[in-house]
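Only one structure is covered here, and it is reproduced in the block below.
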Protein chains: 2
Amino acid sequence: MRSKESMSQETDRVTLEEILAAAAAAASPAAAATPAERARWLGAVADALDAAAEELVPLAHAETHLPASPRLRGELNRTTFQLRLFGKVLADGEYLGATVDHADLQWPMGARPDIRRVLVPLGPALVFAASNFPFAFSVAGGDTASALAAGCPVVLKAHPGHEELSTLTGQIVREALVAAGAPEGMFDVIHGVEVGVTALKDPRIAVAAFTGSVPGGRALFDIAVSRPVPIPFYGELGSVNPVVVTPGAIAARGETIAKGYVGSFSLGAGQFCTKPGLLFLPEGHGLDDLLREAVGAVAAQPMLNDRIASGYEHKLRELRAVPGVSVVVAGVVDGTGDVSGFTPTLLATTAKQFLAGGAVVHEECFGPASIVVTYTDQAELLDVLATLEPGLTATVHGEEDEADLVAGLLPALTRIAGRLLWNDWPTGVTVSWAQQHGGPYPATTAPTTTSVGTAAIERFLRPIAWQGFPDVLLPEALREANEWRLPRRTDGMR
Amino acid sequence: MRSKESMSQETDRVTLEEILAAAAAAASPAAAATPAERARWLGAVADALDAAAEELVPLAHAETHLPASPRLRGELNRTTFQLRLFGKVLADGEYLGATVDHADLQWPMGARPDIRRVLVPLGPALVFAASNFPFAFSVAGGDTASALAAGCPVVLKAHPGHEELSTLTGQIVREALVAAGAPEGMFDVIHGVEVGVTALKDPRIAVAAFTGSVPGGRALFDIAVSRPVPIPFYGELGSVNPVVVTPGAIAARGETIAKGYVGSFSLGAGQFCTKPGLLFLPEGHGLDDLLREAVGAVAAQPMLNDRIASGYEHKLRELRAVPGVSVVVAGVVDGTGDVSGFTPTLLATTAKQFLAGGAVVHEECFGPASIVVTYTDQAELLDVLATLEPGLTATVHGEEDEADLVAGLLPALTRIAGRLLWNDWPTGVTVSWAQQHGGPYPATTAPTTTSVGTAAIERFLRPIAWQGFPDVLLPEALREANEWRLPRRTDGMR
C-alpha cells in the first residue's frame, strides 16, 4: 500500500509536488477515458468503501463523535450510493451536452459550417473536505464523486477534524481507482492548511470545490480568483435556513411542527449546513410549552471538535446578548466526553426586534441552537424575509387552503434559497436528479451550481465546439453514427 | 421618447440610481413572465431594430469606421437573428432544465421526497458592451439577448467608441420591450467608465458580462469577485487563435491557405477576437511570395478609434523588437481619415525563436498583424503548442490522410481552446445551438460558459429545487400535467 501521507502531519513539499505533478499527468488519460470506463472506476470505489465499512465507521466515530449507527453507517451508504449514481449519469450521457449542427447554407444569419459541441473535463480539481460529514462531504463525498465522474483528477485536502479517516479513505479510493484502470494520479489526499493554499495557487489546479464556513470559504475563494489565472471555485458556505409556519398549519398540527423543528435543528448537534436556524411563528402560536418540552427532552451530543464547540459557545453568547432576544431553553454543557457536548438552546424574539438585531441574528450559528421569531401578520413577515441573507433552503409549513397566503410568500423565499420545502424539514438532503444544494452568496460562491445531486457534475466540465472536422477526427460523442447512443440535439431538434 | 442619457456624457448619479432601482423592481415581474412572453419581447426588439436599420447602420459606420455593407448590415442581421433564436430557445424549453423526481420510498440511500428542479433568472445583469462589434457584441448583442431571454433585467454599459449608436439602439430596445409588455426597468443604457464600476459594485446587480481586452476585463472581474457579495462575472477577454498547417495541406493547397489566412487576419482591420494571430507552417513551406503578395493586396482600413490605433502601433513596435522576429511585410499608416488606418503587417519567426520570445509573442495583438511561425517537425510544434496561452479558438489545416498526425495535435489544441476548426478560419462565429465562444482564461473568466450560441443563456440562470409542494403551489414548469410540454427528466428518465 502506497502511503504518501503521514498521519496527523502536514504533507511535505516534495510529496505535494509529486501529487500535483501526478494529477496533471493524469488529466489527459482521464479525459480520454470513456464515460463507461469512468463509471466502472466509480463503482469500484463504491464497492471498496462498502467493503471497508467495519474499519471506516468506527474510525469516523472516534474522530467525529458522531453516532456510528444509524448516522455514520447511513452516511457511508449515502456516499457509495452517490458514487454509483454518478455512474448512472455517465451511462445516461446527457451530461455531455452533445450537440450537432450540420452545415446549413440557408442558416438565416449566413451559411453555417458543420459545428458540434461536447463537454470535456476542466482538469485537476482541488477539493476541500468538510468537517461535519466525514463521508458524504469529505474524501469520497459529492465533490470528489462529481469531479471524478467528469474526468477530473482530484487532489483532496483532508479536513483536520478526521485525519486518520481521511488517510484511510484516501488509500481505499486511490487503490480502487488504480485497480480499476484509472491513471495513477487520479486521486490523492493532502493534509495541512498551508499545503491546501499552496495547492490552490498552483497553476496545475484548474478548479476547486469547498464545503465549510463563510470565513474559510471566502478566504479560499479570494485566493482562487486572485491567481494570475483565476479558476472556478465552488464554495458551499453558510446558511440560516428559515422556516415559516402559517396560522393554518399551527391550528392543524402545531405539536407535530414543534417536535419536527426541534428534531431538525438539534440533529447531529446542529452541525448541518441545512439546520433550521430561524422559525417564524404567528403571534399567539401557543407552542411555547410544547417547544420547551421537546427541547428539554433532547440529550447532550458532543460536537465535532473543540474548535467548533468553542465557536458555538461564542456565537451563543453573542446571540443571547442581542436586545430583545430571550432564552426559552438554555442548553447545558456536557463536558464528560473528549469534546464538549451541549443540550439544545432555544431562543425567541419578535419580528420587530429581529429587524433591529443586526448581523448577529442573520448569520449562521453552527450548533444546536435556533431562534423562534414571532410575526404579527403577513406584511411584517414579508418585511423580515426581505432582510434575510440568501441560503441553501427556505421552508414553509402551511395548509393547502392557504394557497393565496403561501403564494404571496414564495417570491420572497425563492430570492433567498436554492431549495424550497413544503411541510418538511431541511436537514434531509436527498441525492437525486432534481436535487439543488446551493444558492446565492453566502450559500455558495457560485449560485448557478449545485454541490449535491447529479447536476453537480456540471461544475467540472467545459464546452468545446468542433467546426468542420471529418468524422474520423471527431470525438466519439460527436460522430455522425452516434455509436454511444447519446441524447443529442441535432440541428436544433431534440 | 424617454431619454435618460445625454449623448457623449456620463450618466449622472441620480439617473444611475433610477436605472438600478428600476432594474431591481423589474426582476420579479420579469422572472414571473412566461417563456412565451419573453420570446415575444425578444421578437419585438428584433423587429424594431430591423425597422431602424437605415438609421442605425449609417450611425454605426460614422462612429466605428466599419464598412456599412456588407459588414454592418450583416452584423445587424446577425444581431436580430440572435434575438429571435433565443425566442426559439424559450419555446423549446429545455433551457429550464426541468427535472421531476417523485417521492420514492425505495430510493437506495433512504426514502426520497418529491423534489423538482427548475432554473430561474439570477436577477439584474450588468452588460459591458464591446467596441469592435457595435451591434452583435454591444447594446442588443449576445450578452443582452441571452440575459433578457433568461428573464434578467439588463443595465447596459455603453462602449465609448459608439456612444450615439448605443443611445439610439438603447432607446429602440427599451421602447420595443415596454411596448411588448416587459416591465419598465427591463432595459436601460448607462455611459461612463466610473459609472460602470459604480453599477458593478451595486448590490442590486446580480451578474455581469463583458467583452473586451484582458486588462479591462480582469480589472472588472476583480471588482465583481471582491464585492461583499461576489457575483458571477462572464468576461470574454483575449485570444491569440493559433492556426496549424500540416505539410500535407501545404502540398495540396498552399495558395488557398495563404490567401485565406491573410483574408482572416486582416478582416475588419484585424479587430476580431478570433483573428488568427499565429500561423504555424512547416519549414520550407514555400509560401513566402504568396503571403507577401496577398498581404500587399489588402487596402488600409481605419481602426475603430484612436485609442485602439495607438495601442496597435505600440504592440507592433514591441513585436518587431523581439529578437528573431522578422518583418515580411511592413504595414503602412493611412492618416487620411478621421482615425488612422493601416495596411496589414506580416511578421515571421521560427518555433525556436518563438519559444524564446517571451510574453510579447504570446499575447493578443489587436489589429491587422499576424506572425508566421515555422516548425521543423511535429515534436517541435507540440513543444510550442504546450507553451501557448488558452484562447477562444485553435485551427488545423490538414489532409484527411494525415489523420494520425492531426490526432496527435488535438489534445494540445483542446487544452488551449473552446472551439477547434478544421480547414476553415476562426473569424466567422456562427450563432447556433452547438456554438462555443469561450475557453480557459484568458479567453474568458468563466471557462464553463459560452458568450455566443444558445447555451449563452445558461450564464444567467440559477437552479431552485421544490420539495414536497402541492401541484397548485409549484411553478408551471414543474406541475404534474406539464402543460407547457417541456422536455423534462422524470425519475431519472428522459
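Peptide A:120-129 has a mean of 1 when you count, residue by residue, the C-beta atoms of other protein chains within 10 Å of its C-beta.
If we count every other residue with Cβ under 12 angstrom of B:G248's Cβ, Lys/Arg +1 and Asp/Glu -1, where does the sum land? Display every interim value, and only then the final one.
Values: positive: B:R253; negative: B:E399, B:E400, B:D401, B:E402, B:D404.
Its environment carries a net charge of -4.
By the compact-protein rule of thumb, 2.2 N^0.38 Å, the alpha-carbon radius of gyration of the stretch A:267-312 corresponds to a ratio of 1.44. On the basis of the beta-carbon distance and an R0 of 35 Å, A:K201 and B:R307 show a calculated FRET efficiency of 0.55.
Computed from the Cβ-Cβ distance with R0 of 56 Å, the FRET efficiency linking B:A51 to B:T387 stands at 0.65.
Counting 0.36 nm for each residue step from A:D288 to A:E194 and taking away their Cα separation leaves a gain of 29.1 nm. Listed by chain and number, the aspartates and glutamates whose alpha-carbon sits under 15 Å from that of B:K352, ignoring those within fewer than 8 places in the same chain, are B:E283, B:D377, B:E380, B:D383.
Quick one: Debye curve from the C-alpha atoms of chain A, no solvent, what's log10 I(q)/I(0) at q = 0.09, 0.11, 0.13 Å⁻¹? Values, matching the q order: -0.66, -0.94, -1.19. For q = 0.16 Å⁻¹, what log10 I(q)/I(0) does the stretch B:128-174 give under the Debye formula with an equal point scatterer on each alpha carbon and no solvent? Log10 of I(q)/I(0), two decimals: -0.35. In terms of packing, defined here as the mean over residues of other Cβ atoms within 10 angstrom, the peptides B:144-153, A:85-94, B:421-430, A:308-317 line up highest first as B:144-153, B:421-430, A:85-94, A:308-317.
Once you sort the root eigenvalues of the Cα gyration tensor of the stretch B:28-146 as a ≥ b ≥ c, which label holds: rounded (a/c under 1.5), prolate (a/b larger than b/c) or oblate (the other case)?
Working: a/c = 3.52, a/b = 3.03, b/c = 1.16.
Note, shape of the stretch B:28-146 comes out prolate.
Two numbers describe the Cα atoms of the stretch B:186-245: Rg and Dmax, which are 13.8, 49 Å.
Other protein chain C-beta atoms within 10 Å of residue C-beta, averaged over A:469-476: 4.
Beta-bridge orientation, the protein assembly as shown: approximately 30 percent antiparallel, per DSSP, counting only bridges with both partners inside.
Structural size metrics of the stretch A:99-163, computed from C-alpha coordinates, are Rg and Dmax of 20.2, 62 Å. Expressed as a whole percent, the proportion of Cα-Cα pairs in the protein assembly as shown lying more than 55 Å apart is 15%.
Starting with the fewest neighbours, write out A:S451, B:S131 ranked by other beta-carbon atoms found within 10 Å of each beta-carbon. Mind dumping the intermediate values first?
On the way: A:S451 29, B:S131 22.
Ascending number of Cβ neighbours within 10 Å: B:S131, A:S451.
For the stretch A:398-439, what is the Kirkwood hydrodynamic radius in Å, using each pair of distinct C-alpha atoms? It would help to have the intermediate numbers written out before the result.
Details: mean 1/r = 0.0852 Å⁻¹.
About 11.7 Å for the stretch A:398-439.
Taking N as the residue count of the stretch A:150-218, its C-alpha radius of gyration divided by 2.2 N^0.38 Å amounts to 1.17. Largest first, the extents of the alpha carbon coordinates of the stretch B:242-422 on the three principal axes equal 51, 30, 29 Å. Using C-alpha pairs below 8 Å separated by at least 6 residues, the relative contact order for the stretch A:242-422 is 27 percent.
Pairs from the table (B:K259/B:K315; A:K275/A:K315; A:K88/A:K275) lying more than 19 angstrom apart at Cα are B:K259/B:K315; A:K88/A:K275. Label the stretch B:319-438 by shape, choosing from rounded, prolate and oblate, from the square roots a ≥ b ≥ c of the eigenvalues of the Cα gyration tensor; if a/c is under 1.5 it is rounded, and otherwise prolate applies when a/b is larger than b/c, oblate when it is not. Oblate is the answer for the stretch B:319-438, as a/c is 1.5 or above yet b/c matches or exceeds a/b. For chain B, the relative contact order is 18 percent, taking Cα pairs closer than 8 Å that sit 6 or more residues apart in sequence and dividing their mean separation by the residue count.
Per residue, the convex hull spanned by the alpha carbons of the stretch A:7-62 comes to 95 Å³. A prolate overall shape is assigned to the stretch B:237-320, the ratio a/c of its alpha-carbon gyration tensor axes (a ≥ b ≥ c) being 1.5 or greater and a/b exceeding b/c.
In chain B, the calculated helix contribution to ellipticity at 222 nm averages -12000 deg cm²/dmol per residue, counting -39,500 (n - 2.57) for every DSSP H run with n ≥ 4.
Each reported figure results from applying straightforward, stated rules to the coordinates on display, with no laboratory input. What you see is a predicted model, and the numbers here were worked out from it, not measured in a lab. So basically every Cβ, Gly included, is an ideal-geometry build from the backbone, and we count neighbours across all protein chains shown.
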